[in-house]
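Taking it in order: structure first as structure tokens, then the write-up.
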Amino acid sequence: MRNKVSICACLCAALIFYPAFALAQSRAGNSGNRIENSFPEEELFSLGSYYYPEQWDESQWERDLKKMASMGIAFTHFAEFAWAALEPEEGRYDFRWLDKAVALADSYGLKVILCTPSPCPPVWLSEKHPEILIRRDNGVGIRHSRRQHASWSSACYREYVGKIVTALAERYGDNPAVIGWQIDNEPGHYGVVDYSENAQAAFRLFLKEKYGSIEALNKSWGCAFWSETYQNFDQIRMPNQQEVPEKPNPHAMLDMYRFNASELASFVNFQADVLRSHISDRQWITTNLIPVSSAVDPFLADHLDFTTYTRYLVTGHRDGVGEQGFRLGDPEYLGFSNDQFRNFPGGTYGVMELQPGQVNWGTFNPQPMPGAVRMWVWHVFAGGGRFVCNYRFRQPLRGSEQYHYGMLMPDGLTLSPGGEEYMQVAKEMKELRKSLDRDAAEPAERAARRTGLMYEMSNHWEMENQKQTPQWKTLAHAQKYHNILKKMSCPVDVIGENADFSRFPFLLAPAYQLLDSALVDRWTEYVRGGGHLVLSCRSGQKDRNGALWQELPSAPIYELCGIKGLFYDLLPQNYYGTITLDGKEYKWNNWADVLTPCRGTEVWASYSDQFYAGKAAVTHRRLGKGSVTFVAADSDDGALEEAVLRRLYAEAGVEVENLPYGVIKEWRDGFYIALNYSSQTQSLDIPSDAEVLLGGAEIAPAGVTVWKR
Ligand code: GAL
């Protein structure tokens with residue numbers, strides 16, 4: 001239970017920082033100006049690099065920052081792990097070193113992003129208030145050391161965070177060299193769920209607020225099943241596999257994920273409010289998130305000016321495209337995130353950390369292919385990003401990331417291959433600026449293909465918790481569609497439900513399991529107005545709290561899709577079912593919804609084996625001025641899904657391209673940008689009237705080609 005002292009501390013913190021809440025209201029209007037001031041459109045793109053003055057001999061700072069500036073890097077990034085150096089003892093701040101570092105950066109023309117040091121509370125704080133530390137599911141309390149060890153639900157921790165953030169904001173909030181602030185670093189506990197008493201108490205408050213009465217919670221969680229029925233909220237603990245013999249209650253799990261995301265967002269928003277009440281109106285506020293991490297719902301952190309993400313593509317975890325793909329990364333890794341982060345509050349994004357070369361923490365840690373670091377930066381540019389900040393300038397000599405490359409080799413003098421590539425991009429961007437046409441409009445053939453792809457974390461959490469088959473992968477399902485759209489050279493926006501669907505001629509909602517009638521009504525209105533909607537398997541199975549409907553399976557989408565029945569089937573691994581579409585056979589393996597269409601609904605594809613051979617696997621119906629297509633199976637290779645999308649776009653009269661997987665083609669600010677993540681040299685179809693500004697029609701692995709028409 002949240003004790004009185006914590007509640008009191010919480011109220012005090014809220015009162016101390018109250019003016020911030022009011023100020024947050026004016027935030028939205030100024031965000032655009034702040035971002036534009038730091039990253040003017042005519043400069044196209046900025047490069048930055050992390051530097052840790054507290055980790056290096058003071059006599060080297062000037063040499064290092066001077067070198068950074070000479071490479072064409074525009075800004076540096078300080079302090080996210082430096083709480084112990086900034087406040088060596090409670091209430092005794094030491095800003096001398098940071099003052100000096102900021103001034104040095106400024107003297108070489110480097111702008112500065114300052115970061116709040118909340119991921120690393122110092123030892124004196126953990127010692128004085130051990131109750132701020134998180135607790136694992138197995139009951140083991142996390143001790144001081146490393147990072148991300150304090151609980152967002154601890155009012156005491158928030159109070160201390162409020163004080164250090166205020167002190168930093170008061171000191172640097174007017175400093176013209178400081179362009180903006182990052183809150184925390186990759187907020188999240190790196191996969192650990194916090195089961196501390198602070199979190200347990202906050203979870204109960206969250207539930208009380210959501211359900212109002214214990215009866216309502218019992219009903220929503222289906223507590224009558226196995227006598228889970230609670231008498232009051234104080235009896236509830238966060239669902240925890242270590243505390244129960246069976247899998248925890250799925251509705252409690254969904255609520256816990258929502259709670260974790262809301263705690264994290266409120267922690268980020270709290271810091272944003274503190275900063276905003278002290279800093280100049282000119283400075284912006286962001287945070288950096290790990291994309292599609294189960295702890296985060298970025299739509300909730302809405303007190304920021306914009307959101308950034310961090311990405312490491314070559315870590316041995318993923319195969320990439322072709323034999324050398326492990327040195328290049330998967331194209332969707334940056335591509336999906338670019339298309340998603342552009343659509344979070346603020347409407348723009350940057351990449352706060354990007355791999356500079358070999359890392360130390362992968363499954364194995366290969367060298368990236370020469371050119372890959374450069375290609376990744378160009379990919380962020382191609383997605384419309386404002387900047388890339390590489391992690392990090394110098395390779396650490398000690399500590400957890402000894403084997404992690406930086407822009408410089410361990411001698412602190414010689415450029416690493418990644419450093420050389422950053423320098424190259426800086427020069428290339430400078431050159432490209434000369435060709436910028438600020439009035440360039442998106443080419444009509446691309447606008448006609450613009451596709452919204454809906455991805456919401458509640459669906460993600462729910463399906464990952466109840467997969468029904470180990471072959472089900474929620475993100476991979478959506479990214480398979482994303483990859484197909486990129487092969488077709490469609491501009492894609494990965495959106496949430498707050499988006500205006502009418503911006504998109506095509507709208508995909510892959511595996512949209514949780515919905516309500518309001519969303520189905522919006523989809524219906526979108527389609528009647530001329531939009532083409534694509535749904536895929538698992539859609540519409542449950543209500544927002546994860547309950548099945550007291551109707552036929554997925555009944556709320558029947559009318560929209562023109563179907564009247566549905567069941568699902570799953571297969572063993574390495575056993576494939578078949579589907580026939582336009583006379584061609586396709587394989588499926590992961591999931592199949594088997595559909596009964598209504599009269600008038602077209603059947604584009606049918607299952608051709610199993611006991612339901614002849615039943616519909618893909619349906620299509622026209623409704624109003626638009627159409628609804630239901631792709632009811634999930635394949636491994638995406639061939640079926642690709643054939644359906646190609647037919648849909650063709651029937652809608654929209655021409656698409658056929659790029660090989662791994663070749664990405666984007667357009668921004670008048671420039672076409674092509675990248676090659678595949679292991680082979682590829683040929684690009686560049687119109688004869690185009691002006692090629694970088695690279696050429698033959699694009700090697702890790703290559704970049706830019707042209708203009
Ligand atoms: C990031 C993290 C950085 C650093 C980096 C190493 O995820 O935010 O602080 O640890 O990984 O690759």
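The values are calculated or read from the model by the stated rules, or taken from the named source; none is laboratory data. Just so you know, these numbers come straight off a predicted model, no measurement behind them. Every residue, glycine as well, gets a Cβ built from its backbone with ideal geometry; the counts of neighbours run over all protein chains shown. Calculation scope for accessible area: heavy atoms of the full protein, side chains included, ligands and nucleic acids excluded. Shrake-Rupley method; radii C 1.70, N 1.55, O 1.52, S 1.80 Å.
Side notes on the structure shown:
- In the set (1) within 16 Å of the ligand (Cβ to nearest atom); (2) in contact with a Pro (Cβ under 8 Å, 6 or more places away or on another chain), G141 fails one condition alone, (1).
- The single residue among E170, E186, E159 that is within 29 Å of the chain's Cα centre (by Cα), over 28 Å from R311 (Cα atoms) and surrounded by fewer than 23 Cβ atoms within 10 Å (Cβ to Cβ) turns out to be E159.
- Selection count, the stretch 364-397, where residues are of a type outside the set (A, V, I, L, M) and within 14 Å of the ligand (Cβ to nearest atom): 11
- In the stretch 339-373, the residues that are of a type in the set (D, E, K, R) and open to solvent by less than 20 Å² (accessible area, probe 1.4 Å): D339, E353
- Breaking point among (1) surrounded by fewer than 20 Cβ atoms within 10 Å (Cβ to Cβ); (2) in contact (Cβ under 8 Å) with a residue 40 or more places away in the chain; (3) away from the ligand (no atom under 16 Å from the Cβ), for G320: (1)
So that you can scan it fast, the table gives a plain yes or no per residue for (1) more than 24 Å from R311 (Cβ to Cβ); (2) under 22 Å from the mean Cα position of the chain (by Cα); (3) at pLDDT below 95:
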| position | (1), (2), (3) |
| --- | --- |
| Q424 | no, no, no |
| M429 | no, no, no |
| R433 | yes, no, no |
| R438 | yes, no, yes |
| A447 | yes, no, no |
| Y455 | no, yes, no |
| M463 | no, yes, no |
| Q479 | no, yes, no |
| N483 | no, yes, no |
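- Residue match in the stretch 193-212 (condition: surrounded by 15 or more Cβ atoms within 10 Å (Cβ to Cβ) and within 16 Å of the ligand (Cβ to nearest atom)): no
- Some residue of the stretch 295-304 being among the charged types (D, E, K, R), closer than 24 Å to G703 by Cα, away from the ligand (no atom under 16 Å from the Cβ) and touching a helix residue (DSSP H, G or I) at 6+ places or on another chain (Cβ under 9 Å): no
- Flag for L354 being farther than 23 Å from H477 by Cα, touching a Phe, Trp or Tyr at 6+ places or on another chain (Cβ under 7 Å) and touching a residue at least 12 places away in the same chain (Cβ under 8 Å): yes
- Filter result (of a type in the set (S, T, Y), under 21 Å from N498 (Cα atoms) and open to solvent by 10 Å² or more (accessible area, probe 1.4 Å)) within the stretch 254-289: Y257, S262, S266
- Candidates V314, V292 - the one that is aliphatic (A, V, I, L, M) and open to solvent by 30 Å² or more (accessible area, probe 1.4 Å): V292
- With a requirement of 1 or more residues that are open to solvent by 10 Å² or more (accessible area, probe 1.4 Å) and not hydroxyl-bearing (S, T, Y), the strands (runs of 3 or more DSSP E) lying completely within the stretch 483-563 that satisfy it span 532-536.
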